[in-house]
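The values are calculated or read from the model by the stated rules, or taken from the named source; none is laboratory data. As the structure is a computational prediction, the values presented were derived from the model and not from experiment. Positions of Cβ are backbone-derived with ideal geometry, glycine not excepted, and every protein chain shown enters the neighbour counts.
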Amino acid sequence: MALVPLLFAERIASSHKDDISFPAFFLMTYASFLVWNVGAAWWLVLSTLDGAIVSLIFNALIMSVPFVIWHYIRRDNIVNFQATLLVLLWITGEWLQLHGNFSLPWLVLGNAFARDVKLIQWYEYTGILGGSLWVLASNIILFGLINKIIDGKLRITAPHVIAFLFVIIIPAIASGFIYNNVTQDKQGDEILLVQPNVDCYTQKFNRTPEEQIVTMVALAKKHALKSTRIIVFPETAITREIPEDSLNSSNLLRYFSTLQPSTVLVGCFTSRQVGGEKLHYNSLLCIENPSNIQVYHKQLLLPGVETIPLLSNFAFSRKLLFTVGATSTGFDNSAANTLFNIGNLYIQPAICYESMFGYKFCKLSLPEPSFITIVTNDGWWGNSPGYRQHKNLARLRAIEQRRFIARCANTGTSCFIDSRGEIVSQTAYNVESCICSRLTSSSKQTVYARWGDYLGLSCGSGLLIMIVLILVKKKKTAIINKSNA
């Protein structure tokens, strides 16, 4: 209900528009969202101070825009469906932010329920934007009721009861029903997650790749069974870049051959020559054997760390950024595999930041059973809310896709998540560990998996229609005023 105070501030500003200027309202709104951003994601500074400051300042601006536009239209009383307009503006803004070049998706309203998965099982139909709609509608209804109390006009009528039931209670009840009726497929092959717990600042890039690989492989051998089909290592487990045209002969990858017949998924840096330019990737390798290696390139790059929005679209700036930042801000995201195929099993890979975008897993044709693998390195944030929030957001992906998720993190938390978003098992943070589980694969395709963020597209279309109606109304009003003058 955090938006209710802002709604009251907007009401005061609209009713005193001669005393409260538009710039003053904008500054008040921006300050509110900046405090919200800092309070919710302050831990970003533990990774990169400059990047965190820019991200928080810019994200607060993005969140302010829909609210300020709504105030500008409302204060002139040129639209009747004011609550609808706010919803359309906000959902469209979040949709554009999620699909834009610069995004901090942690603070999308629908992510607020990541720890309360029993309440939002209907995300398999709507994705997280459905949760944002739920939050907005609840705030608007509560604001309306408090308004009536203040004005002394409160009368509990049938519309109030119906609105309360449909918007707040019924979605929660429906979610409980869906939760209890989710079909869990039979358990299949065993997966082992290796959490090496290599400190990002003091060990990861100060020890040789060979030393780290030997340690990780030994840890995996200690816990792997003959029945283990897949062994997963975290993001950038291999810290030395490997040219993709020499993967089959790489000495670094030969260490993993001792884990056969298990298939190995391991994060690393790769590169390849494309049209005279050397492209660098944050990659995930799927190694069935030395002659059969599939490659996935991270598609959604972290702004300010792996890429600089707009600038990284140009080859010359990518080369400069990679030269200056070594393994930072110069990565490419040109497509390789979007799925790994191991026999009759498909794996949907995601690397770190990508796991926060539901649409990344949508609109893929999956005729065979599949599951999702997320590899990440959350050690950059230390023991802060960051790694816990990141883990919980993966639970939303499990619900949206109704897929089993194996999440492997360098320092933790590594975990297995079932198709209801419940954590089956997990490691402790900041410990060297392995966990294993039998995967539950599924070939089901949810409404959200098929159609993606259709809710955002629908709100964007509705907003365009409403803008046209507003412009038409303003023109008619101007004509009438002119004729009466």
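Data for the structure
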| item | result |
| --- | --- |
| Number of the exception - TYR296 against (1) of a type outside the set (Val, Ile, Thr); (2) free of Cβ contacts under 8 Å to residues at least 60 places away in the same chain; (3) surrounded by fewer than 18 Cβ atoms within 10 Å (Cβ to Cβ) | (3) |
| Candidate set from the range 245-266 (those that are outside any helix (DSSP H, G or I) and of a type in the set (S, T, N, Q)); member that is surrounded by the fewest Cβ atoms within 10 Å (Cβ to Cβ) | GLN260 |
| Positions within the range 157-187 being modelled with pLDDT under 90 and in a helix (DSSP H, G or I), in sequence order | ALA158, PRO159, HIS160, VAL161, ILE162, ALA163, PHE164, LEU165, PHE166, VAL167, ILE168, ILE169 |
| Single match in ARG388, ARG395, ARG402, ARG407 (criterion: in contact (Cβ under 8 Å) with a residue 12 or more places away in the chain and either more than 23 Å from ARG438 (Cβ to Cβ) or assigned by TED's automatic domain parsing to the domain that holds ILE128 (or both)) | ARG388 |
| In the range 184-206, the residues that are among the basic types (Lys, Arg) and within 27 Å of the chain's Cα centre (by Cα) | LYS204 |
| Per-region count, the range 217-244, residues of a type outside the set (D, E, K, R), closer than 25 Å to LEU345 by Cβ and in a helix (DSSP H, G or I) | 4 |
| Those residues of the range 451-466 which are in a helix (DSSP H, G or I) and within 18 Å of the chain's Cα centre (by Cα), in sequence order | TRP451, TYR454, LEU455, GLY456, LEU457 |
| Residue that is farthest from LEU279 (Cα to Cα), among those in the range 211-244 that are touching a helix residue (DSSP H, G or I) at 6+ places or on another chain (Cβ under 9 Å), among the charged types (D, E, K, R) and without any contact (Cβ under 8 Å) to a residue 40 or more places away in the chain | LYS221 |
| The range 409-460, subset among the β-branched types (Val, Ile, Thr) and out of contact with any strand residue (DSSP E or B) (no Cβ under 8 Å at 6 or more places or on another chain), residue surrounded by the fewest Cβ atoms within 10 Å (Cβ to Cβ) | VAL447 |
| In the range 28-50, residue modelled with the lowest pLDDT [restricted to those that are assigned to a helix (DSSP H, G or I) and farther than 22 Å from LEU6 by Cα] | ASP50 |
| Pick from the range 9-35, criterion in contact (Cβ under 8 Å) with a residue 60 or more places away in the chain and touching a helix residue (DSSP H, G or I) at 6+ places or on another chain (Cβ under 7 Å), ranking: surrounded by the most Cβ atoms within 10 Å (Cβ to Cβ) | GLU10 |
| Tally, over the range 263-291, of residues that are among the acidic types (Asp, Glu) and within 23 Å of ILE191 (Cβ to Cβ) | 1 |
| Single match in ILE128, ILE149, ILE168 (criterion: in contact with a helix residue (DSSP H, G or I) (Cβ under 7 Å, 6 or more places away or on another chain), surrounded by fewer than 17 Cβ atoms within 10 Å (Cβ to Cβ) and not polar (S, T, N, Q)) | ILE168 |
| Sole residue being farther than 24 Å from VAL305 by Cα, at pLDDT below 95 and over 15 Å from the mean Cα position of the chain (by Cα), chosen from ILE91, ILE53, ILE73 | ILE73 |
| Index of the failed condition, TRP106 passing every other in (1) at pLDDT below 90; (2) within 30 Å of ASP332 (Cα to Cα); (3) part of a loop (DSSP other than H, G, I, E, B) | (3) |
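Table: residues versus (1) modelled with pLDDT of 80 or more; (2) touching a Leu at 6+ places or on another chain (Cβ under 8 Å).
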site	(1), (2)
THR263	yes, no
PHE269	yes, no
ASN282	yes, yes
PHE316	no, no
GLY343	yes, no
